[in-house]
């Protein structure tokens, strides 16, 4: 009996829902066959085509993904193989120009977290292929090489990377405490994305601090937070990436597994500590690079007297000196 | 010593492999689900401006003010196959304004003057002022305020003008800002092909 | 670019940035104040035009004005936005360079000299910049070469390294007087000289001995008693605290971070010759070997 | 001149006297009985508004008219269905080419006039059904300008056809052989003396010797004009704001019957102080 009742209530509810749906959508069709048409107007009249701007072509989507891959590859190559800070800055600027200002910040792994979550939870939600690719590729790269996406590819990161002027050292305790914020943010974003379709909210996109700059317009609160992050970013290295970016949280988990990454080579090091001082992100702990915190900026290489640009310059100089 | 190291390596390899496999599985599952892309589109049967039965209300202009793109990605589209080509188009003229010496309303409706009016066909020699007119909406000027849509709908007009998302401008935000504020939930995600129904309808003709 | 120019650029860019932000904010405030007022005006005119067709022109003009104003605002904001980006680039670039040149950075640079001279010595070295060095043939120094070198390599900052190289080659080290002279007649600042000369291992601020003795003070060597080795050599060579070259200018003692052969700790290198598993006694012997080889 | 509402006949509902989905056309016979065509049937009401009889039609009707012999003609898509006065089907007159959509019917001196909104014109046939000529087609627009999809006309005692041409905001007068005799009315915007909106008037009926009754949409109302275009009266009471193409009929006593296509009811108005003519 209770089962029958339950079934009945379900049926009633379904009917009510169906009725509500029907009430929502009033038929949108009108008998307009008597409106004058091309053949009855005469005078050689031709009906103009309806203006219908088409979406971006699929090949542009593929181009985006290819460029993302290429940029990550370049980031890995520049940082791990070439160890050149200057080249990386160039890559950052290029990424900022394309993914930031040209694509207006909307091919974005950070936001794609929500798409993926919704797609996993909601059977009706259809996720764009680009979003899938954009979500997973940086993670896969992180599993092998660390957070290559963060340095030189992510436009949000690049923006903050470029404004770092005089990074202050954040006390370790505070750094760790603030670092937990991003997981809270991630959890909230997932929670809000899991809500039913109409109340669903994409928190990460809504509070994206820099997208307003990329679009040259945005809600005042967005631009204001972006400004605060940029000004703060002059003195605290990449505050959004380190403390708020939910995708950064995922990347740091993945990068724990990375075998290759930014390393302080033990048999070459001098224990001089210059790299630790140069790292604005507190990612070098006791003379060793911490992969999950390292944002691939290559500053440590730039500052190293034994390796990287300075050492290469030195080598060249010694060569000249020897020749004389 | 070396034994321990290799064991640790093996372990890390295992973990990495399983993480990769997990991600691959999730990606595959999602790829299977990603059947057809979705785009934001205005549902004409829900939009206040075009929905049948809404009379005596002011046009809703949220599509203009809420879009994150500086000139809204929503615009009014005139479907010429339905357009009555009226002499006094209520979407072109403000038909409540006083009549001028030409016998037409003195005021245009569009605040941005985005609609052009052009006589078409042969003129009636007996009454040259009364004829068929073609109304073309300039995509570059229109910002989707929906005033013309509101006026074009039945019973006054034929409802040939509706609001559409222009895809070349739309950023396809995860959550369309217009849809958040739309009082009738008229901005919905539809499969890409259905979103292009005007184009498809033309092709099938 | 000189520091003054950079400073000027930074100030100018900063001012433009502030002005841009002010313009944008003002624009936004004005627009948000104006919008409702414009709406009211248009509504009122729309009411009027229902009776009087003559008002139509006025309403048209009003709507055109509002549309134009909004369009102009968009264009203006975009232009200001691009200006802001450009100015931020200038500002950041200038400020970063300035900071790189400022004193604390130079100290950091000198830290790089750690493998060549110990911290204690570095402190001392700065003092010797002003005071006379015991070994320094200060009085006899002929500064004419500095002028010659400057004439050959130029006065710009980019010439710093070639100049220093030339001076080092000539005097075999970088005498303080020569450095002072260099600062006087070129654009190179003392900080830059200090930074550059202390960074590159090949530059020395004190006269160098005939042989360089590098004593490894890496972790392994340190544990194995590198300190005792160094002390023993100092005692043997009678090198006073704060100096690194003996009175005969035969040996120059260096403490380096690592020589890369920890398994031989403690290690030292005399020129290209390496000696490992040292004790204080054998260390002295290693030097003697070289001394003996020396064709006296 | 004033009109007052006399009664409301029928309405939306599932009762025998009510219409479920649509009310398309109304007509009056000589006795003053009201014929209303809607849904898929014809209903007959007496002068007091009581249902007399009802019968089903083959297709959804667009219009209805009563011939001189009392036969009931029902205009449909592609055909006219003819019933006798009791509702017995007599015959179906099919003519796919000339009866695309019969939205109005008229009789004069044995001629049959068929308003075809698909062609946007009126076809004239003789009593035997032979096609004679087409009316209101010979303009550069190749027909009436009717964005609303309804051709509606009335015939006065002299055989002059008064056709609503809403796209041109006027009522045009044609002779039986198709000559344009003249027109009345023009667009006047909010001023009620002329026709407002985008395409008005939508329907027209002859209301006496020198009078026409027209209906407008958005906002819906009926108006009485004389042939010269002088506004005599406005009847604006209780119509659904969404209604359009309200069919109109006027009886011998000057009562005005207006069908509300949204409320699916027929509003009856009566002139205060007797008929005017």
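Of note:
- Residues of segment D:94-102 include at least one that is closer than 21 Å to residue D:128 by Cα and outside any loop (DSSP other than H, G, I, E, B).
- Filtered residue count, segment D:220-239, keeping only those that are modelled with pLDDT of 90 or more and either part of a loop (DSSP other than H, G, I, E, B) or touching a helix residue (DSSP H, G or I) at 6+ places or on another chain (Cβ under 8 Å) (or both): 6
- Residues being buried (at least 16 other Cβ atoms within 10 Å of the Cβ) and within 24 Å of residue A:220 (Cα to Cα) - total across segment C:50-68: 2
- Selection count where residues are part of a strand (DSSP E or B) and farther than 17 Å from residue D:244 by Cα, scope segment D:10-41: 5
- Pair list, Cβ under 6 Å, 6 or more apart: segment B:33-46 residue at the interface with chain A (Cβ under 7 Å from one of its Cβ atoms) and more than 16 Å from residue B:180 (Cβ to Cβ), other residue part of a strand (DSSP E or B) and modelled with pLDDT of 80 or more: B:38/B:189; B:44/B:162
- Checking each residue in segment B:85-103 for being within 7 Å of another protein chain (Cβ to nearest Cβ) and surrounded by fewer than 22 Cβ atoms within 10 Å (Cβ to Cβ) picks out B:96, B:98, B:99, B:100, B:103.
- Filter result for residue C:20 (more than 9 Å from chain B (Cβ to nearest Cβ) and farther than 19 Å from residue A:101 by Cβ): no
- Selected residue (criterion: nearest to the chain's Cα centre (by Cα)) from residues of segment D:42-57 that are closer than 18 Å to residue D:91 by Cβ and part of a strand (DSSP E or B): D:42
- Of the strands (runs of 3 or more DSSP E) that lie entirely inside segment D:128-219, those containing 1 or more residues that are touching a residue at least 60 places away in the same chain (Cβ under 8 Å) span D:211-216.
- Some residue of segment A:142-165 being surrounded by fewer than 18 Cβ atoms within 10 Å (Cβ to Cβ), under 27 Å from residue A:72 (Cα atoms) and more than 10 Å from chain B (Cβ to nearest Cβ): yes
- Verdict on residue B:165 being under 19 Å from residue B:58 (Cα atoms), crowded, with 21+ Cβ neighbours inside 10 Å and modelled with pLDDT of 85 or more: no
- The conditions of being crowded, with 17+ Cβ neighbours inside 10 Å and without any contact (Cβ under 8 Å) to a residue 60 or more places away in the chain are met by residue D:125.
- Evaluation of residue C:61 against (1) free of Cβ contacts under 8 Å to residues at least 60 places away in the same chain; (2) within 30 Å of residue C:99 (Cβ to Cβ) (one fails), failing number: (2)
- Applying the condition of being assigned to a loop (DSSP other than H, G, I, E, B) and loosely packed, with under 12 Cβ neighbours inside 10 Å to segment A:48-73 and asking which residue is farthest from the chain's Cα centre (by Cα) yields A:49.
- Failed item in (1) in a loop (DSSP other than H, G, I, E, B); (2) more than 29 Å from residue C:174 (Cα to Cα); (3) in contact (Cβ under 8 Å) with a residue 24 or more places away in the chain, with residue C:249 passing the rest: (2)
- Residues that are more than 8 Å from every other protein chain (Cβ to nearest Cβ) and surrounded by fewer than 19 Cβ atoms within 10 Å (Cβ to Cβ) do occur in segment B:139-154, at least one of them.
- Enumeration of residues in segment C:43-57 that are in contact with a helix residue (DSSP H, G or I) (Cβ under 9 Å, 6 or more places away or on another chain) and modelled with pLDDT of 90 or more: C:45
- Across segment D:58-79, the number of residues qualifying as surrounded by fewer than 21 Cβ atoms within 10 Å (Cβ to Cβ) and in a loop (DSSP other than H, G, I, E, B) comes to 10.
- Residue match in segment C:57-73 (condition: within 11 Å of chain B (Cβ to nearest Cβ), more than 24 Å from the chain's Cα centre (by Cα), over 30 Å from residue B:95 (Cα atoms) and in a helix (DSSP H, G or I)): yes
- Scanning segment B:62-80 turns up no residue that is within 14 Å of chain D (Cβ to nearest Cβ), in contact (Cβ under 8 Å) with a residue 40 or more places away in the chain, crowded, with 22+ Cβ neighbours inside 10 Å and more than 16 Å from the chain's Cα centre (by Cα).
- Among the residues making up segment B:110-125, those that are more than 7 Å from every other protein chain (Cβ to nearest Cβ) and either farther than 23 Å from residue C:71 by Cα or part of a strand (DSSP E or B) (or both) are B:115, B:116, B:117, B:118, B:119, B:125.
The values are calculated or read from the model by the stated rules, or taken from the named source; none is laboratory data. Keep in mind that this is a model prediction, so the values were computed, not measured. Cβ sites come from the backbone with ideal geometry, for glycine too, and all protein chains shown count toward neighbours.
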